[in-house]
Amino acid sequence: MSRKSDRRKTAAQQATAAAKPTAAQWRTTQETLVMAQISRTALHKATKAGTFPKPIKIGKKCVWIDSEIKDWTMKKYNKQ
């Protein structure tokens with residue numbers, strides 16, 4: 001293989017990795033509560049109302065995407 005094709009493959013892999021959240025970019029319920037600075041009840045109410053990002057279910061566990069929590073937090077505190 002040439003170096004050029006190696007670079008292309010690496011760039012394609014990087015783009016794919018950026019598009020898919022990794023386990024390091026997922027937050028558990030407890031981590032989400034701390035990041036968003038809200039209670040568990042408020043989290044569930046906001047999720048049900050559609051004002052907070054929906055969780056991703058992995059088996060019995062729910063996780064949130066880190067960037068979505070950060071975006072929500074920035075929107076919430078920029079309005080005040």
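Regarding Trp64, is this residue in a strand (DSSP E or B) and either touching a helix residue (DSSP H, G or I) at 6+ places or on another chain (Cβ under 9 Å) or among the acidic types (Asp, Glu) (or both)? Steps first, answer last, please.
On the way: in a strand (DSSP E or B): yes; either touching a helix residue (DSSP H, G or I) at 6+ places or on another chain (Cβ under 9 Å) or among the acidic types (Asp, Glu) (or both): yes.
When the stated conditions are applied, Trp64 passes them.
Within segment 23-33, is even one residue among the basic types (Lys, Arg) and either open to solvent by 70 Å² or more (accessible area, probe 1.4 Å) or without any contact (Cβ under 8 Å) to a residue 12 or more places away in the chain (or both)?
Taking segment 23-33 first, the residues among the basic types (Lys, Arg) are 27.
With the extra rule that they be either open to solvent by 70 Å² or more (accessible area, probe 1.4 Å) or without any contact (Cβ under 8 Å) to a residue 12 or more places away in the chain (or both), the set shrinks to none.
Taking every residue of segment 23-33 in turn, none turns out to be among the basic types (Lys, Arg) and either open to solvent by 70 Å² or more (accessible area, probe 1.4 Å) or without any contact (Cβ under 8 Å) to a residue 12 or more places away in the chain (or both).
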- Task: Please specify each residue of segment 34-49 satisfying the condition of being within 14 Å of Lys76 (Cα to Cα), assigned to a loop (DSSP other than H, G, I, E, B) and open to solvent by less than 90 Å² (accessible area, probe 1.4 Å).
- Result: Ile38
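The values are calculated or read from the model by the stated rules, or taken from the named source; none is laboratory data. This is a predicted model, so every value here is computed, not measured. Note that each Cβ is placed from the backbone with ideal geometry, even for glycine, and that neighbours are counted across all protein chains shown. With ligands, DNA and RNA removed, areas are computed over all heavy atoms of the protein, side chains included. Shrake-Rupley method; radii C 1.70, N 1.55, O 1.52, S 1.80 Å.
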